[in-house]
1. Looking only at the stretch 83-99, count every residue that is of a type in the set (V, I, T) and either closer than 19 Å to H43 by Cβ or not in a helix (DSSP H, G or I) (or both) and tell me the total.
2. I'd like to verify a number: residues in the stretch 100-109 that are in a helix (DSSP H, G or I) and open to solvent by 30 Å² or more (accessible area, probe 1.4 Å), how many?
3. Can you pull out the residues in the stretch 59-82 that are within 18 Å of G129 (Cβ to Cβ) and open to solvent by 80 Å² or more (accessible area, probe 1.4 Å)?
4. Given the structure, is T97 more than 20 Å from S57 (Cβ to Cβ) and either more than 13 Å from the chain's Cα centre (by Cα) or open to solvent by less than 40 Å² (accessible area, probe 1.4 Å) (or both)?
5. With respect to T67, determine if the residue is in contact with a Gly (Cβ under 7 Å, 6 or more places away or on another chain), among the β-branched types (V, I, T) and modelled with pLDDT of 90 or more.
6. Only residues that are more than 17 Å from S151 (Cβ to Cβ) and not small (G, A, S): list them for the stretch 71-90, please.
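The values are calculated or read from the model by the stated rules, or taken from the named source; none is laboratory data. Just so it is clear, the model here is predicted, and its values are computed rather than measured. Here Cβ is always computed from backbone atoms with ideal geometry, including for glycine, and neighbour counts include all displayed protein chains. These area figures cover heavy atoms from the full protein model, side chains too; ligands, DNA and RNA do not enter into them. Shrake-Rupley method; radii C 1.70, N 1.55, O 1.52, S 1.80 Å.
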Amino acid sequence: MTQAASAQEEDEPAQPAEPAALPYWAPSWLRGRARPTRMRPDHVVRQFIRFALVGGSSNIVYAGTFTALAAWGYLVANVVGVVLSTALANELHRRLTFNAAERVSWWSAQWEGGALGLIGLVMSSLTLGVLHVWFPGAAPLTQVLLVIAVSAVVGVLRFVALRGWVFTPRRQGVDA
(Lines give C-alpha, C1' and ligand atoms only; values in the text may rest on other atoms or scores of the structure.)
Protein backbone atom coordinates (compact mmCIF):
# COMPACT_ATOMS: atom_id res chain seq x y z
CA MET A 1 0.00 0.00 0.00
CA THR A 2 1.29 3.43 -0.84
CA GLN A 3 1.55 6.41 1.49
CA ALA A 4 -1.21 8.22 -0.39
CA ALA A 5 -3.59 5.28 -0.02
CA SER A 6 -2.91 4.92 3.72
CA ALA A 7 -3.36 8.70 4.22
CA GLN A 8 -6.68 8.52 2.36
CA GLU A 9 -7.85 5.64 4.60
CA GLU A 10 -7.00 7.72 7.70
CA ASP A 11 -9.11 10.64 6.43
CA GLU A 12 -12.23 8.51 5.85
CA PRO A 13 -14.49 8.14 8.86
CA ALA A 14 -14.82 4.64 10.20
CA GLN A 15 -18.07 2.93 9.25
CA PRO A 16 -20.15 1.86 12.24
CA ALA A 17 -20.51 -1.85 12.73
CA GLU A 18 -23.84 -3.38 11.78
CA PRO A 19 -26.07 -3.71 14.83
CA ALA A 20 -26.90 -7.19 15.98
CA ALA A 21 -30.27 -8.44 14.87
CA LEU A 22 -32.86 -7.74 17.54
CA PRO A 23 -36.03 -9.76 18.02
CA TYR A 24 -39.21 -8.57 16.32
CA TRP A 25 -40.74 -7.57 19.66
CA ALA A 26 -37.97 -5.06 20.43
CA PRO A 27 -39.03 -1.42 20.07
CA SER A 28 -38.55 -0.06 16.58
CA TRP A 29 -36.19 2.69 17.79
CA LEU A 30 -33.89 0.00 19.20
CA ARG A 31 -33.88 -1.76 15.84
CA GLY A 32 -32.50 1.36 14.15
CA ARG A 33 -35.71 3.09 13.24
CA ALA A 34 -36.43 6.61 14.35
CA ARG A 35 -37.83 7.06 17.84
CA PRO A 36 -41.46 8.04 18.06
CA THR A 37 -41.77 11.77 18.73
CA ARG A 38 -43.20 11.23 22.23
CA MET A 39 -40.07 9.23 23.20
CA ARG A 40 -37.58 11.94 22.29
CA PRO A 41 -35.92 13.62 25.30
CA ASP A 42 -37.08 17.07 24.16
CA HIS A 43 -40.76 16.14 23.83
CA VAL A 44 -42.92 18.46 25.92
CA VAL A 45 -44.61 15.66 27.89
CA ARG A 46 -41.30 14.07 28.89
CA GLN A 47 -39.90 17.48 29.80
CA PHE A 48 -42.97 18.25 31.91
CA ILE A 49 -42.63 14.95 33.77
CA ARG A 50 -38.96 15.70 34.50
CA PHE A 51 -39.95 19.26 35.45
CA ALA A 52 -42.49 17.94 37.97
CA LEU A 53 -39.95 15.49 39.45
CA VAL A 54 -37.37 18.26 39.82
CA GLY A 55 -40.04 20.50 41.30
CA GLY A 56 -40.96 17.82 43.81
CA SER A 57 -37.35 17.37 44.89
CA SER A 58 -36.81 21.11 45.23
CA ASN A 59 -40.02 21.34 47.29
CA ILE A 60 -38.51 18.80 49.68
CA VAL A 61 -35.46 21.07 50.01
CA TYR A 62 -37.79 24.04 50.54
CA ALA A 63 -39.82 22.21 53.20
CA GLY A 64 -36.70 21.16 55.10
CA THR A 65 -35.21 24.65 54.97
CA PHE A 66 -38.47 26.35 55.93
CA THR A 67 -39.05 24.01 58.86
CA ALA A 68 -35.46 24.37 60.08
CA LEU A 69 -35.64 28.19 59.95
CA ALA A 70 -39.26 28.64 61.10
CA ALA A 71 -38.07 29.93 64.49
CA TRP A 72 -36.52 32.94 62.68
CA GLY A 73 -39.90 33.95 61.27
CA TYR A 74 -41.89 32.81 58.29
CA LEU A 75 -40.55 35.48 55.91
CA VAL A 76 -36.88 34.69 56.58
CA ALA A 77 -37.60 30.96 56.33
CA ASN A 78 -39.54 31.51 53.10
CA VAL A 79 -36.86 33.65 51.43
CA VAL A 80 -34.00 31.29 52.31
CA GLY A 81 -36.07 28.24 51.32
CA VAL A 82 -37.08 29.75 47.98
CA VAL A 83 -33.53 30.88 47.15
CA LEU A 84 -31.99 27.48 47.92
CA SER A 85 -34.69 25.41 46.25
CA THR A 86 -34.78 27.69 43.19
CA ALA A 87 -31.01 27.48 42.71
CA LEU A 88 -31.19 23.68 42.93
CA ALA A 89 -34.18 23.52 40.59
CA ASN A 90 -32.57 25.83 38.01
CA GLU A 91 -29.48 23.64 37.81
CA LEU A 92 -31.46 20.41 37.63
CA HIS A 93 -33.69 21.89 34.93
CA ARG A 94 -30.63 23.01 32.99
CA ARG A 95 -29.02 19.58 33.14
CA LEU A 96 -31.93 17.15 33.26
CA THR A 97 -35.28 18.63 32.33
CA PHE A 98 -34.25 20.60 29.26
CA ASN A 99 -30.84 19.00 28.48
CA ALA A 100 -29.39 22.49 28.12
CA ALA A 101 -26.06 22.16 29.93
CA GLU A 102 -24.16 22.67 26.66
CA ARG A 103 -26.39 25.53 25.43
CA VAL A 104 -26.96 27.56 28.59
CA SER A 105 -24.32 28.48 31.15
CA TRP A 106 -24.79 27.99 34.89
CA TRP A 107 -24.89 31.76 35.42
CA SER A 108 -27.55 32.36 32.76
CA ALA A 109 -29.71 29.58 34.13
CA GLN A 110 -29.48 31.01 37.65
CA TRP A 111 -30.01 34.60 36.55
CA GLU A 112 -32.93 34.03 34.17
CA GLY A 113 -34.48 31.17 36.14
CA GLY A 114 -33.96 33.15 39.35
CA ALA A 115 -35.85 36.07 37.87
CA LEU A 116 -38.75 33.71 37.28
CA GLY A 117 -38.26 32.41 40.82
CA LEU A 118 -38.88 35.93 42.11
CA ILE A 119 -42.47 35.61 40.94
CA GLY A 120 -42.79 32.49 43.07
CA LEU A 121 -41.16 34.26 46.01
CA VAL A 122 -43.57 37.19 45.80
CA MET A 123 -46.59 34.91 45.46
CA SER A 124 -45.53 32.64 48.35
CA SER A 125 -44.69 35.62 50.59
CA LEU A 126 -48.07 37.23 49.89
CA THR A 127 -49.81 33.92 50.56
CA LEU A 128 -47.97 33.46 53.86
CA GLY A 129 -48.77 37.04 54.83
CA VAL A 130 -52.47 36.49 54.21
CA LEU A 131 -52.34 33.20 56.12
CA HIS A 132 -50.78 34.92 59.12
CA VAL A 133 -53.41 37.66 59.08
CA TRP A 134 -56.29 35.17 58.95
CA PHE A 135 -54.68 32.39 61.05
CA PRO A 136 -51.90 33.90 63.18
CA GLY A 137 -50.96 30.60 64.87
CA ALA A 138 -50.73 28.46 61.71
CA ALA A 139 -48.38 25.50 62.08
CA PRO A 140 -45.22 25.34 59.93
CA LEU A 141 -46.62 22.26 58.14
CA THR A 142 -49.70 24.25 57.10
CA GLN A 143 -47.48 27.05 55.84
CA VAL A 144 -45.28 24.64 53.87
CA LEU A 145 -48.28 22.91 52.28
CA LEU A 146 -49.80 26.24 51.29
CA VAL A 147 -46.55 27.43 49.72
CA ILE A 148 -46.17 24.13 47.83
CA ALA A 149 -49.72 24.56 46.47
CA VAL A 150 -48.87 28.09 45.30
CA SER A 151 -45.61 26.75 43.84
CA ALA A 152 -47.53 24.19 41.79
CA VAL A 153 -49.62 26.93 40.18
CA VAL A 154 -46.61 29.16 39.59
CA GLY A 155 -44.67 26.08 38.41
CA VAL A 156 -46.88 25.58 35.37
CA LEU A 157 -46.24 29.16 34.30
CA ARG A 158 -42.56 28.72 35.10
CA PHE A 159 -42.38 25.58 32.91
CA VAL A 160 -43.76 27.48 29.93
CA ALA A 161 -41.33 30.37 30.50
CA LEU A 162 -38.29 28.16 31.07
CA ARG A 163 -39.07 26.03 28.03
CA GLY A 164 -39.75 28.99 25.76
CA TRP A 165 -37.26 31.56 27.04
CA VAL A 166 -34.42 30.28 29.22
CA PHE A 167 -33.74 26.76 27.90
CA THR A 168 -35.07 27.08 24.37
CA PRO A 169 -33.46 24.63 21.92
CA ARG A 170 -33.03 27.47 19.41
CA ARG A 171 -30.35 29.08 21.58
CA GLN A 172 -26.99 28.82 19.85
CA GLY A 173 -23.80 28.34 21.83
CA VAL A 174 -23.17 28.74 25.54
CA ASP A 175 -23.63 32.26 26.74
CA ALA A 176 -21.19 33.66 29.25
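1. 1
2. Result for the stretch 100-109: 2.
3. Scanning the stretch 59-82 gives W72, L75.
4. Judged against the criteria, T97 is not a match.
5. no
6. W72, V76
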